[in-house]
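For reference, the structure discussed in these notes is given below.
The values are calculated or read from the model by the stated rules, or taken from the named source; none is laboratory data. Bear in mind that the values here come from a model prediction, so they are computed numbers and not experimental data. Cβ sites come from the backbone with ideal geometry, for glycine too, and all protein chains shown count toward neighbours.
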Amino acid sequence: MKTSRFAPILSLLVAVAAIQLLTLATGREFYLTQLTMAAYYSLVAVGLCLLMGFAGQISMGHAGFFAIGGYTSAVLTTLNLASHKDAVLVEWLAKLGILTARQDLYGSQILSVHPWAACVLAVLLALAVAWAIGIPVLKLKGHYLAMATLGFGTIIYSIVLGTEHFGAADGISSVPPFPLLPGGVGVGGGSSQRVINYYFAWLLVVAAMVLLVNLINSRVGRALRSIHGAEDAANAMGVDTSQYKLFTFMLSAALAAIAGVFLTHFNGGIGPSEASIMKSIRYVSIVAVGGMGSIWGTLIMSTVLNFFSLRGYFGTYDDAVFGGILIVIMLFAPDGIIGSDLRRMLRKLVKQT
Amino acid sequence: MIELFFQYLVAGLTYGTIYAIVGIGFNIIYNTTGIINFAQGEFVMLGGMTAVSLQAFLPLPLAIFGAVLVTMIIGGLIEMTFIRWLVKPSVLRMIIITIGISILIREAALAIWGEGVRSLPYFTGNEISALSFGGVRVSPQVLWSLGFCSIVVLSLNLFFKYTMLGREMRACAANREAAALCGIPTKNMVTLSFVLSAGIGALAGCVVSPITYTQYNIGTGLAIKGFTVAILGGLGNSMAAVAAGFILGVLESFSIWVLPTAYKDTISISILLAMLFIRPSGLFGNREAMRLKDF
């Protein structure tokens with residue numbers, strides 16, 4: 001049991017390394033940029049997969065949590081406190097080591113919140129919002145749940161789009177890199193750090209997968225599946241369904257926020273389109289294609305589709321492709337194309353060899 | 001001051017009519033199928049856009065008639081291709097399919113009409129012509145849209161109450177299996193409900209187009225507003241949706257007094273969320289009856 005649970009994780013690690021070597025060998029290292037971004041988007045998708053596929057709760061506002069993470073981080077790390085240097089609060093923050101000084105493009109001093117502190121704050125904020133929204137929203141079912149989460153996403157989008165501090169339609173740019181190791185190695189920082197960024201993003205994904213795989217095969221996972229199957233029955237058996245649903249909602253929100261933080265640092269900025277409804281629907285469609293309730297299927301489809309989309313293979317039909325995918329999958333293969341049949345076949349194949 | 005108050009009121013009522021019509025569209029389909037059609041707002045957009053295109057070579061009334069007809073056909077085709085043959089689909093599946101449909105319609109509209117903002121000419125007069133009611137200036141188009149919407153609501157009411165077809169649809173809504181046993185072709189009733197709600201959506205889209213303008217992406221916003229209205233009135237209750245539409249339109253219009261315009265949409269969504277949390281059966285709905293419904 002133990003070996004089979006972690007065999008996919010090992011294969012994922014091998015695949016990540018193999019792809020990097022392949023791009024190196026074929027001289028197409030620029031693919032790594034899109035693969036890194038795809039990894040961050042996949043983080044949102046697998047979190048949503050846990051929520052939709054296992055707990056059975058649809059969320060059409062997950063781009064909202066991504067945006068909460070990204071925008072919090074972007075605002076805090078670009079906020080210049082240099083002119084308020086002598087204020088008591090700023091002094092205190094500086095003493096605690098939360099603030100960091102750097103120079104901008106034109107050489108002027110910028111005193112802003114350290115990216116690590118901003119990241120923690122961003123995730124905490126996303127968790128708090130998920131908690132506050134989740135308690136009333138998760139009591140709803142079906143259409144009501146879908147519309148309520150869609151409403152949440154729309155509110156975040158219109159706040160981001162309508163607020164001057166968030167850069168309105170332009171978004172926030174010149175977000176500094178996220179320092180990982182001493183010596184200027186970090187998330188972001190241009191094409192020279194492409195490889196390290198690629199590995200960092202995928203290690204995050206691997207960590208998330210380890211967490212999710214363990215969660216699914218634990219008491220929590222069984223409880224979630226019982227909620228998906230028959231919530232009333234689960235309740236009657238003594239499963240605290242609302243608690244589990246809230247926990248899953250907050251976990252997936254945190255994953256989305258983390259993805260938002262790092263993608264913002266990687267790109268050096270964030271725009272309101274990251275919070276749009278279409279982005280939320282895109283995550284839902286990726287979970288649908290990957291097969292509701294298959295985090296591996298979701299991860300594979302998310303990587304492939306996001307990579308193609310970011311490389312611009314879908315051209316102006318980008319949104320239409322995702323809409324079409326949604327319809328076709330839901331009409332003909334509601335369990336996803338990497339559904340149970342294919343998985344059973346693969347498992348057989350692995351056993352024979 | 002008092003004039004300004006009435007000015008906002010009139011603006012609110014104008015938007016309220018279109019929200020009410022979208023809400024009624026939701027209700028018609030919900031009643032016969034038990035599903036919420038997330039592509040409802042797209043029908044309004046299609047109606048307005050098609051009418052603008054037809055108006056280039058047809059007189060205005062004919063263009064509107066043609067646009068409504070085209071949208072009705074599209075509505076029927078959508079039902080027949082995507083929904084008719086599904087056997088007991090789950091709610092989650094239906095939600096995702098109708099969302100997919102709305103995206104496809106929107107992208108098709110973008111490909112056909114582009115990103116430009118379009119509008120029909122005013123039915124009578126032009127942008128600056130106004131009737132004056134004791135200092136309050138009202139565009140004749142507002143009266144047109146109020147009139148059209150009252151006619152739609154009235155005739156729908158008569159249709160459901162007094163015609164055989166309308167009664168069959170209501171039977172289908174009350175109990176689908178029993179209706180089938182009585183020989184009512186329930187599947188055709190579902191198609192008809194899509195055709196009907198596409199038709200009234202398109203008509204509303206044409207009538208308000210001179211005032212509110214039409215763009216390829218107005219559908220999602222309208223769908224959320226329409227759904228808010230449907231919930232406010234109580235899901236499935238078309239007459240209450242009219243009242244709820246006016247309430248929402250007026251509230252939204254007056255919100256400009258205290259909040260920046262950019263946040264106008266958040267008002268209606270906050271109302272929607274509050275209603276869903278506190279009283280999902282709606283302002284005029286019955287809590288006990290709601291519990292029995294499948295949603």
Looking at the stretch A:145-156, I want the residues that are free of Cβ contacts under 8 Å to residues at least 40 places away in the same chain and have a partner that is small (Gly, Ala, Ser) and buried (at least 24 other Cβ atoms within 10 Å of the Cβ) with Cβ atoms under 7 Å, at least 6 apart or on another chain. Which pairs are those? none
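Do we have any residue at all in the stretch A:43-63 that's of a type in the set (Phe, Trp, Tyr), touching a helix residue (DSSP H, G or I) at 6+ places or on another chain (Cβ under 9 Å) and at pLDDT 90 or above? Can you show your working first?
First pass over the stretch A:43-63, keeping only residues of a type in the set (Phe, Trp, Tyr): A:54.
Cutting the leftovers down to touching a helix residue (DSSP H, G or I) at 6+ places or on another chain (Cβ under 9 Å) gives us A:54.
Still in the list and also at pLDDT 90 or above: none.
Checked against the condition, which is being of a type in the set (Phe, Trp, Tyr), touching a helix residue (DSSP H, G or I) at 6+ places or on another chain (Cβ under 9 Å) and at pLDDT 90 or above, the stretch A:43-63 yields no hits at all.
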Of the residues in the stretch A:258-291, those that are away from chain B (no Cβ under 14 Å) and in a helix (DSSP H, G or I) come to A:ILE258, A:ALA259, A:GLY260, A:VAL261, A:PHE262, A:LEU263, A:THR264, A:HIS265, A:PHE266, A:ASN267, A:GLU274
I need the full set of residues from the stretch A:162-175 which are under 21 Å from the mean Cα position of the chain (by Cα) and either surrounded by fewer than 20 Cβ atoms within 10 Å (Cβ to Cβ) or among the acidic types (Asp, Glu) (or both), in order please. A:SER173
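Could you please find all residues in the stretch B:268-289 being farther than 16 Å from B:ALA244 by Cα and either within 11 Å of chain A (Cβ to nearest Cβ) or modelled with pLDDT of 80 or more (or both)?
Taking the stretch B:268-289 and keeping what is farther than 16 Å from B:ALA244 by Cα, we get B:277-278, B:287-289.
B:PHE277, B:ILE278 - these are the residues of the stretch B:268-289 that are farther than 16 Å from B:ALA244 by Cα and either within 11 Å of chain A (Cβ to nearest Cβ) or modelled with pLDDT of 80 or more (or both).
Scan the stretch B:228-248 and tell me whether some residue there is free of Cβ contacts under 8 Å to residues at least 40 places away in the same chain and in a helix (DSSP H, G or I).
For the stretch B:228-248, residues free of Cβ contacts under 8 Å to residues at least 40 places away in the same chain and in a helix (DSSP H, G or I): absent.
Between A:ALA253, A:ALA259, A:ALA233, A:ALA288, which is under 18 Å from the mean Cα position of the chain (by Cα) and farther than 28 Å from A:LEU10 by Cβ?
Values: A:ALA259 fails: farther than 28 Å from A:LEU10 by Cβ; A:ALA233 fails: under 18 Å from the mean Cα position of the chain (by Cα); A:ALA288 fails: farther than 28 Å from A:LEU10 by Cβ.
Matching residue, one of A:ALA253, A:ALA259, A:ALA233, A:ALA288: A:ALA253.
Quick check on my filter: what residues within the stretch A:155-199 are acidic (Asp, Glu) and within 14 Å of chain B (Cβ to nearest Cβ)? Write out each step before concluding.
Initially, the stretch A:155-199 is screened for residues acidic (Asp, Glu), giving A:164, A:170.
Of everything in the stretch A:155-199, just one residue is acidic (Asp, Glu) and within 14 Å of chain B (Cβ to nearest Cβ), namely A:GLU164.
From A:ALA207, A:ALA236, A:ALA223, A:ALA230, which residue is under 24 Å from A:ALA17 (Cα atoms) and without any contact (Cβ under 8 Å) to a residue 24 or more places away in the chain?
Values: A:ALA236 fails: under 24 Å from A:ALA17 (Cα atoms); A:ALA223 fails: under 24 Å from A:ALA17 (Cα atoms); A:ALA230 fails: under 24 Å from A:ALA17 (Cα atoms).
Among A:ALA207, A:ALA236, A:ALA223, A:ALA230, only A:ALA207 is under 24 Å from A:ALA17 (Cα atoms) and without any contact (Cβ under 8 Å) to a residue 24 or more places away in the chain.
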Does the stretch B:101-121 include one or more residues that are under 28 Å from B:ALA240 (Cα atoms) and out of contact with any Ser or Thr (no Cβ under 6 Å at 6 or more places or on another chain)? yes
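On the basis of being under 22 Å from the mean Cα position of the chain (by Cα) and not in a helix (DSSP H, G or I), does A:SER59 make the cut?
Values: under 22 Å from the mean Cα position of the chain (by Cα): yes; not in a helix (DSSP H, G or I): yes.
Against the criterion (under 22 Å from the mean Cα position of the chain (by Cα) and not in a helix (DSSP H, G or I)), A:SER59 qualifies.
Would you pick out the residues in the stretch B:79-111 that are in a loop (DSSP other than H, G, I, E, B) and within 11 Å of another protein chain (Cβ to nearest Cβ)? Explain how you work it out, then say what you get.
Restricting attention to the stretch B:79-111, the residues satisfying the condition of being in a loop (DSSP other than H, G, I, E, B) are B:84-90.
Residues satisfying the conditions are B:TRP85, B:LEU86, B:PRO89, B:SER90.
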Taking the stretch B:158-191 and keeping only residues that are assigned to a helix (DSSP H, G or I), under 21 Å from B:VAL87 (Cβ atoms) and among the hydrophobic types (A, V, I, L, M, F, W, C), one is left with B:CYS172, B:ALA173, B:ALA178, B:ALA179, B:ALA180, B:LEU181, B:MET189, B:VAL190
Across the stretch B:3-52, what is the number of residues that are within 14 Å of chain A (Cβ to nearest Cβ) and either among the hydrophobic types (A, V, I, L, M, F, W, C) or closer than 25 Å to B:SER139 by Cα (or both)? 9
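Looking at B:ILE36, B:ILE97, B:ILE103, which one is at negative phi, in contact with a helix residue (DSSP H, G or I) (Cβ under 6 Å, 6 or more places away or on another chain), touching a residue at least 24 places away in the same chain (Cβ under 8 Å) and surrounded by 24 or more Cβ atoms within 10 Å (Cβ to Cβ)?
B:ILE36
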If B:ALA63 meets every condition in (1) of a type in the set (A, V, I, L, M); (2) away from chain A (no Cβ under 12 Å); (3) in a loop (DSSP other than H, G, I, E, B) apart from one, which number is that one? (3)
Scan the stretch B:149-167 and report the pairs whose first residue is surrounded by fewer than 14 Cβ atoms within 10 Å (Cβ to Cβ) and whose second residue is in a helix (DSSP H, G or I) and of a type in the set (Lys, Arg), with Cβ atoms within less than 9 Å and a gap of 6+ or a chain change. B:LYS161/B:ARG167; B:LYS161/B:ARG170
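Quick one: which of B:ILE83, B:ILE24 is surrounded by fewer than 24 Cβ atoms within 10 Å (Cβ to Cβ), among the aliphatic types (A, V, I, L, M) and under 24 Å from A:LEU145 (Cα atoms)? Give the derivation first.
Numbers: B:ILE24 fails: surrounded by fewer than 24 Cβ atoms within 10 Å (Cβ to Cβ).
Step by step, each of B:ILE83, B:ILE24 is checked, and only B:ILE83 is surrounded by fewer than 24 Cβ atoms within 10 Å (Cβ to Cβ), among the aliphatic types (A, V, I, L, M) and under 24 Å from A:LEU145 (Cα atoms).
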Picked from the stretch A:307-321 (must be at pLDDT 85 or above and closer than 17 Å to B:ALA111 by Cα), the residue nearest to the other protein chains (Cβ to nearest Cβ) is A:ALA320
Restricting attention to the stretch A:112-136, the residues that are touching a Lys or Arg at 6+ places or on another chain (Cβ under 9 Å) and part of a helix (DSSP H, G or I) number exactly 1
Suppose the filter is surrounded by fewer than 18 Cβ atoms within 10 Å (Cβ to Cβ), within 14 Å of another protein chain (Cβ to nearest Cβ), in contact (Cβ under 8 Å) with a residue 24 or more places away in the chain and closer than 25 Å to B:SER139 by Cβ; does B:ILE218 pass it? no
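Could you please find all residues in the stretch B:112-139 being surrounded by fewer than 16 Cβ atoms within 10 Å (Cβ to Cβ) and in a helix (DSSP H, G or I)? If you could, list the steps in order and put the result at the bottom.
Kept after step one, since they are surrounded by fewer than 16 Cβ atoms within 10 Å (Cβ to Cβ), are these residues of the stretch B:112-139: B:112, B:114-117, B:121, B:124-135, B:137.
Within the stretch B:112-139, B:ILE112 is the sole residue that qualifies.
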Do we find a residue being within 14 Å of chain B (Cβ to nearest Cβ), part of a helix (DSSP H, G or I) and either touching a His at 6+ places or on another chain (Cβ under 6 Å) or crowded, with 20+ Cβ neighbours inside 10 Å (or both) anywhere in the stretch A:234-257? no
